[in-house]
Structure formats: C-alpha cells, structure tokens
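Enquirer: Here you go, one structure.
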Protein chains: 2
Amino acid sequence: MPAKPQDSRGGRGIPRQGCSQNERLILSLIRRHGPMPRAVLALRTGLSAQAITNQTRRLIAAGLLDAGEVVRGKVGQPTTPLALSPDGALFLGLKIGRRLAELALVDFAGQIRLHRQEIHPYPAPGRIFDFARQGAQTILDGLPPAMRERVMGLGIATPYRLWDWGREMADWKGFDLAGRLADVLPFPVHLENDATTACGAELIFGRTDLPRDFIHIYVAHYAGGGLVLDGALRHGPTRNAGALGSMPVPGGRQLLDHAAIAALERRIGHALPPDDSGWSVPDEIERAWIAEAAEALAFAVLSSAALADLPLAVIDGAMPARTRTRLTEATARALAAMPAAGIDRPRVIQGSLGRTARLLGAAGLPLAHHFQPDGALDRSKAPLRLAEECA
Amino acid sequence: MPAKPQDSRGGRGIPRQGCSQNERLILSLIRRHGPMPRAVLALRTGLSAQAITNQTRRLIAAGLLDAGEVVRGKVGQPTTPLALSPDGALFLGLKIGRRLAELALVDFAGQIRLHRQEIHPYPAPGRIFDFARQGAQTILDGLPPAMRERVMGLGIATPYRLWDWGREMADWKGFDLAGRLADVLPFPVHLENDATTACGAELIFGRTDLPRDFIHIYVAHYAGGGLVLDGALRHGPTRNAGALGSMPVPGGRQLLDHAAIAALERRIGHALPPDDSGWSVPDEIERAWIAEAAEALAFAVLSSAALADLPLAVIDGAMPARTRTRLTEATARALAAMPAAGIDRPRVIQGSLGRTARLLGAAGLPLAHHFQPDGALDRSKAPLRLAEECA
DNA sequence: CCGGCATTAATCAACATGATTGAGTTATTG
DNA sequence: CAATAACTCAATCATGTTGATTAATGCCGG
C-alpha cells in the first residue's frame with residue numbers, strides 16, 4: 001500500500017546516510033538554478049507532481065529545503081519557492097597548498113562560515129595533521145550541538161605525490177592523512193586531488209551556465225584538472241581522472257611543465273606568495289609565460305575534446321583575476337590556431353572561484369558524496385547494483 | 001501487492017521496446033561471461049535470487065534467454081545454466097568503407113547469419129542507399145515471418161564527413177542516409193562513426209577480459225576510436241566522443257595523419273585492397289610506417305589515460321593480424337618511453353575482431369540500444385528522469 | 001548399502017518502496 | 001463565477017526485498 005509519507009531517516013532529520021537519486025536531483029536543480037516551486041521541479045525532473053510533493057516533504061522535514069514566501073500575483077494558486085536551507089548540512093574542507101593550508105566550514109548553500117589558515121615553508125604531514133585535527137576540533141567545539149551533528153564530513157584537497165615536490169616532503173610517502181584524521185574525527189573523511197576538487201567546486205557552487213560535460217583546468221603551483229561527464233565529476237578507477245597536468249604536450253613535456261605557477265616562478269627567479277596582494281610579476285615575463293602556458297593548455301583542451309566530445313573548457317587558477325583572464329583568452333586564441341579537422345573546438349571560459357576553488361571543492365567532497373546526483377538516472381525503488389559488471 | 005509475474009510486453013514476446021536496466025545487466029553478464037545459472041547471476045548483479053527469478057522468467061518468455069541442460073554432480077540442487085538465445089533478436093549492420101560496403105544480419109549471440117558486400121571505387125550516397133535498401137529487403141524477404149519481426153533495427157557504421165575524403169564524395173554533404181533508410185525500412189535506423197562502432201563491437205562481442213573503462217583505437221583508411229566508461233560506450237553530446245583521429249599530436253598534426261592506412265598508402269604510392277589477401281607492403285616500408293604510427297598512437301593513448309584515468313588501450317584495425325600485432329607492440333614500446341609522471345601508463349593490447357569490427361559494431365548499435373546497460377546503476381521501479389539537469 | 005543431514009538452487013508468499021494516475025482542493029485572475 | 005495553476009489525497013502498480021519452503025544432490029555414519 002501507499003508508503004507512509006514520513007521521514008524514513010531517524011528522528012532528528014539529520015540524514016547522515018545520503019539521499020536517493022531523485023532527492024539529489026531535486027537538490028542539485030535548486031542549487032544550480034536557485035529557488036523554484038514544486039511545479040517547476042516536476043517539469044525539470046520529469047517526475048510527476050505527486051512524486052515531487054513526496055520528495056520535497058522529506059527534504060523539508062530533513063531540514064535540507066526551506067519553503068519560501070508564497071508568491072502571489074499570477075493566475076492560479078500561488079507558488080511556494082523551495083530554497084536550500086543553509087543550515088541543512090555543514091562540511092569541512094581542508095586544502096593543502098604549497099605555502100598555505102586552509103580549513104573551512106562550509107554550509108549547505110556554499111557559504112564559508114569559518115576559515116582558518118596556516119602559512120608554512122612547505123607542507124609537512126605532522127603539522128598538517130595537527131592543523132586539521134585541532135582546527136576541526138575547535139570549529140566543532142564552537143558549534144551548538146544541533147549544528148555540530150549536521151557536519152557531514154571532511155574533504156581534503158591535496159596534490160598527489162607530494163613527495164615529488166622535493167626531499168623535504170619525503171615524509172608524505174606512506175602517510176595516510178585521511179585515515180589518520182578519520183580516526184580522530186566523528187565523521188567520514190574524503191580525499192581527492194586538489195585540482196579535481198577545484199573542478200568539483202565549480203560544478204557544485206560555481207557558474208550556473210555550465211553544460212553537462214566539460215573539462216576544467218586549474219593552474220596553481222602545479223596544474224591539474226577535472227572532468228565532468230553527464231553532470232557528474234568523473235573519478236576513474238584509480239581516482240586519478242582529470243590528471244591534466246600529466247598530459248603530454250609537444251616537446252617531450254607534460255602540461256604542468258609549462259602551464260603552472262612553478263614555471264612562472266622559474267622565469268622570475270623567486271617564489272610567489274599565496275595571495276594576490278604580493279603578485280609582483282614583470283609584465284613582460286608574465287606575457288611570455290602566458291604565451292607558453294596557453295599553447296600547452298590549448299593542446300590539452302583539444303586532446304580532451306577529441307576524446308570525450310566536450311563543448312567547453314573552464315580555466316581557473318591561483319592567480320589574480322586579471323592574469324587568469326589573460327591566460328584564458330590566450331588559450332582561446334591558441335586553440336583557434338590549432339588544426340581541429342573532425343571535431344568542434346570547445347569554448348574556453350574562465351572559472352568563477354579563483355583561489356577559493358580548491359578549498360570549496362574540498363568541502364564539496366562530502367557534499368557530493370551525500371547530495372550530488374551520481375551518474376545519471378534514477379529509477380525508483382531498489383538498491384540497484386552492478387557489482388562486478390565488466391569484471 | 002505482488003505484481004503478477006507475467007511477461008508485461010505484449011503477447012508474442014517480441015520486445016521491440018527495450019529492456020529494463022536490470023534485464024540489460026543480466027543479458028550483458030551472460031553475453032560477456034557465457035551461460036550461467038541464476039544463483040551466479042544473483043551474486044554478480046547483487047540482486048536477490050527472487051529478483052533474478054522474476055527477471056529471467058520474463059527474459060525466457062521473451063525468447064531472449066534459453067535454459068540449458070541441468071548440470072548435476074555438485075553438492076546441492078543442480079544448476080540450470082541460462083544462455084543467450086541466438087534467435088532472440090536479430091540486427092542489421094551496414095558498414096561503409098573506403099572501398100567496400102558490407103551488410104550483415106547478426107543474431108543475438110553475435111554470429112553473422114547473412115552477409116553481402118559491394119566493392120566500389122568510392123562510396124556514393126545513391127549507390128550505398130540502394131545497396132542497403134535492396135540488401136535489407138532481400139534479407140528480410142528471405143526470413144520466415146517469425147524471424148522477420150525479430151529484426152530490431154539497422155545500424156550504420158560510417159566515417160563522419162565523408163565529403164572531406166575528396167571531391168567525388170561531395171554528394172554526401174547534406175545526405176541523410178539514416179533518415180532515408182528509416183523511411184523505407186520497418187524498424188529504427190542508427191548511425192555512428194565507424195571507428196566508434198568498432199569499439200562497441202569489441203565491448204559487446206569481443207574480448208571477455210576488458211575492464212570497465214578503456215580506450216579503443218581503430219586504424220583503417222583513417223583512424224578513429226571509441227571510449228568506454230563505466231562499461232558503456234560514450235557518445236558525447238554531439239555523438240563525436242572517441243574522435244581519436246582528430247587528436248592533436250606533436251608536429252602540428254593529428255593522429256590520423258600518421259596512424260592510418262592512408263599514411264601507409266602514401267608511403268607505398270598506391271592503394272591497398274580491402275582484404276588481407278592483397279596486402280603487399282614491403283617490409284621496410286611497413287616497419288617505418290609502424291614506427292611513425294606507434295609514436296602517434298602512444299601519444300594519444302597517454303593523453304587519454306591522463307584525462308580519463310584508463311587502465312587499458314585496445315588497438316585494432318583493418319589490416320592483417322601480423323601487422324596489427326606489430327603495431328600494437330610498437331605502440332606499447334613507444335608508450336613506455338614517454339614521460340608519464342603522475343599517471344599510470346595504460347596496458348596496450350590488440351583487439352580481437354580485426355576487419356569485421358566495424359560491421360559487427362554497426363549491428364551492435366540497435367543491440368546496444370535495446371539490450372546494453374546504460375550508464376551504471378539501476379534501481380528498481382520508476383522511470384527516472386534527468387531531463388534538463390545541467391541545463 | 002542406506003538413510004539422515006548439510007548444502008545449494010530456486011520458488012512462494014508477504015511486504016516495502018517509490019513511482020504513477022486521476023480526482024479533488026485551494027487560491028488567484030479576469 | 002469560470003478558468004487556471006499549484007498542490008495534495010487516494011488508489012494502483014511495478015519491482016524490489018526478506019523469510020520460509022521445496023527440490024535435488026553429495027557426504028557420511030551406522
């Protein structure tokens with residue numbers, strides 16, 4: 001018989017165990033397009049109005065959606081826009097950078113509630129661990145209990161293979177940061193490549209005009225990327241998808257040999273600070289670096305488009321907005337000059353998040369785990385499996 | 001209440017409208033791993049034994065599965081292996097090649113039942129249309145009515161942008177072969193790039209040891225490819241995914257400038273016939289071409305692996321097995337010599353289908369449309385949508 | 001050598017979930 | 001007050017789940 005339309009997750013409406021695909025779909029539509037009434041949700045999802053009623057009832061009971069002010073003035077019954085409830089869930093994000101570690105508490109609407117950071121000569125496992133553990137503890141202690149139990153997890157954005165950066169960081173080899181933190185924190189810990197999290201941040205919190213498929217390249221001390229297919233961030237079997245920095249480019253090099261802040265620092269002969277204020281790059285050098293980087297970026301963008309049929313490339317990075325704009329435009333020009341018979345050249349645009357992308361993306365890891373649509377569909381009832389398909 | 005466990009598709013068990021995801025999953029498991037009893041299906045799919053009982057009952061009633069001889073001799077109740085029913089469904093495939101057009105009727109088990117071909121100086125729209133229409137008609141007329149209505153569709157494997165091959169083929173511009181054929185045939189017509197269909201053929205009918213994600217490169221007159229992610233062939237928003245021939249390689253060229261039979265023909269100064277028997281290539285020239293092609297292939301393989309995190313590259317082509325083996329091995333060597341910091345180099349193996357890959361893949365288009373698992377999961381009940389997600 | 005028992009495959013029966021449809025309710029415009 | 005639009009209620013349906021049951025066999029002790 002008709003299921004009792006009650007919240008099926010324990011009493012307190014705190015869903016620590018994720019959402020159904022259709023609930024995720026509803027949440028992501030509202031996240032991307034802003035508050036909307038149930039009728040619009042029904043149209044956009046293709047679900048029946050009744051199904052939307054049921055799902056939204058649960059989402060509201062769970063504290064994830066808020067019914068807004070009734071909107072009158074149009075023909076027919078007034079509409080009730082549904083909006084994300086900022087307090088619905090909270091997420092911790094930890095970003096490990098070349099010079100800067102950051103920890104943030106991000107709410108369900110994508111706002112940074114609390115932020116701490118620490119500058120270091122280089123990231124060391126022990127220091128990072130302490131920074132994260134103490135920071136997370138302090139943040140949790142400062143929250144009222146009702147809020148505290150809405151913290152869904154911690155996401156870590158870190159470059160892979162930190163030990164390749166230099167001998168000082170050899171300690172990272174074999175250091176299981178995520179596991180260690182999971183042992184001392186009362187929620188799950190997710191870890192992902194920092195450039196990939198930047199892509200995820202753009203997908204979840206960023207521009208609202210993104211297509212279902214695109215590539216995202218993030219230029220920081222090194223360069224990396226993320227791949228979005230069918231609206232979902234691809235991880236790949238070894239969680240290494242979007243490793244654009246490792247993509248080969250002409251000259252026996254890889255993308256990150258050219259399109260990375262490290263390459264710029266080599267040109268100017270000293271390191272750049274981890275914020276825009278100290279960005280002192282002679283224009284001539286910046287111009288030359290941009291030209292070099294753009295060639296490499298265009299090559300990688302075109303390769304990606306040929307392989308995966310992508311209409312768009314998003315370029316972002318840890319640099320001042322002006323530099324990013326120039327890099328993006330230079331890449332678009334370089335792309336236009338490349339031979340591309342047989343495919344459409346993707347559009348090239350810049351990302352909207354800049355230096356916060358990785359940190360937001362880190363917090364986005366637990367968010368995605370619980371609330372982002374997975375692959376595609378959704379059906380209805382059962383716990384579909386595909387265990388061992390394709391051996 | 002419990003649904004009546006009856007075949008829900010009209011009387012004759014001829015499902016012209018496709019299968020549920022779980023039915024597709026069951027069929028694809030049996031297709032890949034051979035006949036297996038229900039208990040194994042339950043394990044592999046993760047579904048309950050009861051669900052398998054229900055689904056297989058329907059599949060058998062629909063004529064898609066056959067219960068085999070009961071196997072005794074082990075402890076416990078004897079097992080009933082379930083096998084694909086070769087007559088369960090039939091598919092037409094049309095391959096348009098540089099010299100050769102082929103049409104085949106392929107059964108549900110992947111066997112070619114009937115085959116016709118036509119050699120031409122170059123493919124012309126009118127001739128191809130007539131060849132396909134008349135051939136399909138003749139094949140259908142020769143089938144008993146019961147078989148005839150099991151033909152699920154026609155798939156066309158063709159290079160894109162045929163008009164770029166030369167002025168003789170300008171007529172292809174604007175010629176809607178699929179639409180024209182759909183008008184005169186009693187079933188749907190699917191069209192896809194020929195190299196991509198070759199990939200699909202390997203996925204559906206080919207090697208049983210393929211991982212869930214891999215790239216497939218097919219070297220014919222031109223070169224192209226296909227991309228398999230999460231066990232499903234990716235098409236992409238403009239149905240141009242896997243356009244590996246268009247992938248840029250060093251030297252301001254594209255893959256198909258090097259790794260294509262056309263490049264080999266330029267070296268030997270004349271065209272090669274569309275079959276192995278006439279393959280007369282001086283060893284020295286073949287060696288030089290393989291070296292050049294392998295460099296380009298390795299570059300494309302590594303680019304793909306960096307982007308999508310792929311553990312495997314499959315190389316196949318319209319060439320003698322020995323040449324293909326040499327090309328594959330040369331590619332593996334070239335790949336090993338490339339810088340690949342930050343990613344794992346994919347394994348490189350050769351495909352199993354050779355010259356028949358495109359034709360089988362053409363027939364595989366309607367098969368996949370009806371019977372291959374889509375993306376991933378599967379839930380249970382409803383008609384999940386994701387209509388406009390991601391605008 | 002035979003009969004009980006563990007083991008495995010498969011089905012039956014009951015139930016749960018989450019979608020659908022169609023009818024009805026409410027609030028508003030014109 | 002009719003038309004319209006947003007939403008809900010009630011009933012139905014498809015498809016999954018679990019637990020109990022039936023079937024067929026090898027193993028093994030008496």
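FYI, it's all coordinate maths here, none of it is from the lab. Everything numeric in this text was worked out from a predicted model, so none of it was measured. Ideal geometry is used to build each Cβ from the backbone, glycine not excepted, and the neighbour counts take in all protein chains shown.
Enquirer: Looking at region A:21-84, what % of the alpha carbon pairs are farther apart than 15 Å?
Expert: Numbers: 904 of 2016 pairs.
Distances greater than 15 Å cover 45 percent of the Cα pairs.
Enquirer: Once you sort the root eigenvalues of the Cα gyration tensor of the protein assembly as shown as a ≥ b ≥ c, which label holds: rounded (a/c under 1.5), prolate (a/b larger than b/c) or oblate (the other case)?
Expert: oblate
Enquirer: In which sequence would A:Ser352, A:Ser304 go, from the one with the fewest C-beta neighbours within 10 Å to the one with the most?
Expert: Values: A:Ser352 17, A:Ser304 27.
Ascending Cβ contact count within 10 Å gives the list A:Ser352, A:Ser304.
Enquirer: Relative contact order for region A:207-352: what percent, with Cα pairs under 8 Å and sequence separation of 6 or more?
Expert: So the answer I get is 26 percent.
Enquirer: From the label point of B:Asp276, set 7 Å from Cα along Cα→Cβ, how far away are the matching label points in the other copies, in nm, ordered shortest to longest?
Expert: Reported distances to equivalent positions: 6.4 nm.
Enquirer: Please give the average number of partner chain Cβ atoms lying within 10 Å of the Cβ of each residue in A:160-167, rounded to a whole number. Each step should come with its number before you reach the end.
Expert: Numbers: counts 2, 2, 0, 0, 2, 0, 0, 0.
Mean shielding by partner chains, rounded to a whole number: 1.
Enquirer: Report, in whole Å, the centroid distance computed from the Cα atoms of region A:92-154 and region B:208-248.
Expert: Comparing the Cα centres of region A:92-154 and region B:208-248, I get a distance of 41 Å.
Enquirer: Can you pull the one-decimal nm distance between simple spin-label points at B:Ser20 and B:Val75, each 7 Å off the Cα toward Cβ?
Expert: Taking the simple label geometry, B:Ser20 and B:Val75 are separated by 3.4 nm.
Enquirer: Moving to a separate point now. Taking 8 Å as the Cα distance limit and 6 or more residues as the minimum spacing, I'd like the relative contact order of chain B as a percentage.
Expert: Values: 725 pairs, mean separation 69.2, N = 391.
RCO, chain B: 18 percent.
Enquirer: What average number of partner chain Cβ atoms lie no more than 10 Å from the Cβ of the residues making up B:239-252?
Expert: For this peptide, the per-residue mean of nearby foreign Cβ atoms is 6.
Enquirer: Please sort by residue number the trypsin sites (Lys or Arg not before Pro) in region B:31-116 whose DSSP state is loop and whose Cβ has at most 11 other Cβ atoms within 10 Å.
Expert: Working: sites: B:Arg31, B:Arg32, B:Arg38, B:Arg44, B:Arg57, B:Arg58, B:Arg72, B:Lys74, B:Lys95, B:Arg98, B:Arg99, B:Arg113, B:Arg116; in loops: B:Arg72, B:Lys74, B:Arg98, B:Arg99.
Passing sites in region B:31-116 are B:Arg72, B:Lys74.
Enquirer: Work out, step by step, the length gained on full extension between A:Arg287 and A:Arg347: first 0.36 nm times the residue separation, then minus their alpha carbon distance; give nm to one decimal.
Expert: Details: separation 60, 0.36 × 60 = 21.60 nm, distance 2.21 nm.
Full extension of this stretch gives 19.4 nm more.
Enquirer: Comparing A:Gly200, A:Gly153, A:Gly251, which has the greatest mean-square fluctuation in the GNM of chain A with Cα pairs linked when under 10 Å apart?
Expert: For chain A, modelled as a Gaussian network with Cα springs under 10 Å, the answer is A:Gly251.
Enquirer: Distances from B:Gln50 to the same position in the other copies: list them in nm, one decimal, shortest first, using label points 7 Å from Cα along Cα→Cβ.
Expert: Computed spacing set for this position: 2.4 nm.
Enquirer: Can you pull the mean other chain C-beta count within 10 Å for peptide B:308-319? Before the final figure, lay out the partial values.
Expert: Numbers: counts 12, 11, 6, 3, 0, 0, 0, 0, 0, 0, 0, 0.
Rounded to a whole number, the mean comes out at 3.
Enquirer: Rounded to the nearest 0.05, what FRET efficiency do A:Arg267 and A:Gln117 give with R0 = 22 Å and r taken as the Cβ-Cβ distance? Could you check? Display every interim value, and only then the final one.
Expert: Working: r = 27 Å, r/R0 = 1.24.
According to the calculation, E is roughly 0.20.
Enquirer: Give me the angle, in degrees from 0 to 90, between the Cα long axis of helix A:125-141 and the longest principal axis of the Cα atoms of chain A, rounded to the nearest 10.
Expert: 30 degrees
Enquirer: What is the total of Lys pairs in the protein assembly as shown with C-alpha atoms under 23 Å apart, excluding same-chain pairs fewer than 8 positions apart?
Expert: Count of close lysine pairs: 7.
Enquirer: Residue by residue through region B:360-366, which ³J(HN,Hα) values in whole Hz follow from phi under the Karplus form 6.51 cos²θ - 1.76 cosθ + 1.60 (θ = phi - 60°), with glycine and proline marked x?
Expert: Per residue, the Karplus-derived 3J(HN,Hα) values read 4, x, 4, 5, x, 4, x Hz.
Enquirer: Now a separate question. Can you tell me how much longer the chain between B:Asn54 and B:Met338 gets when fully stretched, taken as 0.36 nm per residue apart minus their C-alpha distance, in nm with one decimal? It would help to have the intermediate numbers written out before the result.
Expert: Values: separation 284, 0.36 × 284 = 102.24 nm, distance 5.16 nm.
Between B:Asn54 and B:Met338, full extension yields an extra 97.1 nm.
Enquirer: What does the copy distance list look like for A:Gly34, label position 7 Å along Cα→Cβ, in nm and ordered from shortest?
Expert: Those separations, rounded to one decimal, come out as 6.1 nm.
Enquirer: Mind checking the full-extension length gain between A:Thr138 and A:Leu43? Use 0.36 nm per residue of separation minus the Cα-Cα distance, one decimal, nm. Mind dumping the intermediate values first?
Expert: Numbers: separation 95, 0.36 × 95 = 34.20 nm, distance 4.40 nm.
Stretched fully, the A:Thr138-A:Leu43 segment lengthens by 29.8 nm.
Enquirer: At most 13 other C-beta atoms within 10 Å and a DSSP loop state: those are the exposed GluC sites (Glu not before Pro) I care about. Give me the longest piece of chain B that has none.
Expert: Numbers: sites that count: B:Glu69, B:Glu388.
Segment B:70-387 is the longest.
Enquirer: Next question. Count charges around A:Thr79 for me, please; just the other residues with Cβ under 15 Å from its Cβ, Lys/Arg as +1, Asp/Glu as -1. Spell out each step's value before the answer.
Expert: Details: positive: A:Arg38, A:Arg44, A:Arg72, A:Lys74; negative: A:Asp66, A:Glu69.
Residues close to A:Thr79 contribute a combined charge of +2.
Enquirer: Positive end of the charge dipole of the protein assembly as shown (Lys, Arg +1 and Asp, Glu -1 on Cβ, about the Cα centre): tell me which of B:Leu92, A:Tyr122, B:Ile268 has its Cα farthest that way.
Expert: B:Leu92
Enquirer: Now for a separate question. Please give me the summed charge of the neighbours of A:Ile268: other residues whose Cβ is under 11 Å from its Cβ, Lys and Arg +1, Asp and Glu -1. Present the calculation step by step, with values, prior to reporting the outcome.
Expert: Values: positive: A:Arg266, A:Arg267; negative: A:Glu265, A:Glu284, A:Glu286.
Charge balance near A:Ile268 sits at -1.
Enquirer: Then there is this: For chain B, what is the mean residue ellipticity at 222 nm derived from helices alone (per DSSP H run of n ≥ 4: -39500 (n - 2.57); sum divided by total residues; nearest 500 deg cm²/dmol)? It would help to have the intermediate numbers written out before the result.
Expert: Details: 12 runs with 144 residues, N = 391.
Helices in chain B give a 222 nm mean residue ellipticity of -11500 deg cm²/dmol.
Enquirer: Same structure again: Between B:His33 and A:Thr238, what is the spin-label point distance in nm, taking each point 7 Å from the Cα along the Cα→C-beta axis?
Expert: In this crude label model, B:His33 to A:Thr238 measures out at 2.5 nm.
Enquirer: With point charges of +1 on the Cβ of Lys and Arg and -1 on the Cβ of Asp and Glu, referenced to the Cα centre of region B:207-352, which listed residue (B:His221, B:Ala298, B:Ala259) lies farthest in the positive direction of the dipole?
Expert: Positive-end residue among those listed: B:Ala298.
Enquirer: For A:Glu149 and B:Glu149, FRET efficiency with R0 = 56 Å and r from the beta-carbon atoms, rounded to 0.05? Please list the in-between numbers first.
Expert: Working: r = 60 Å, r/R0 = 1.07.
Rounded to the nearest 0.05, the efficiency is 0.40.
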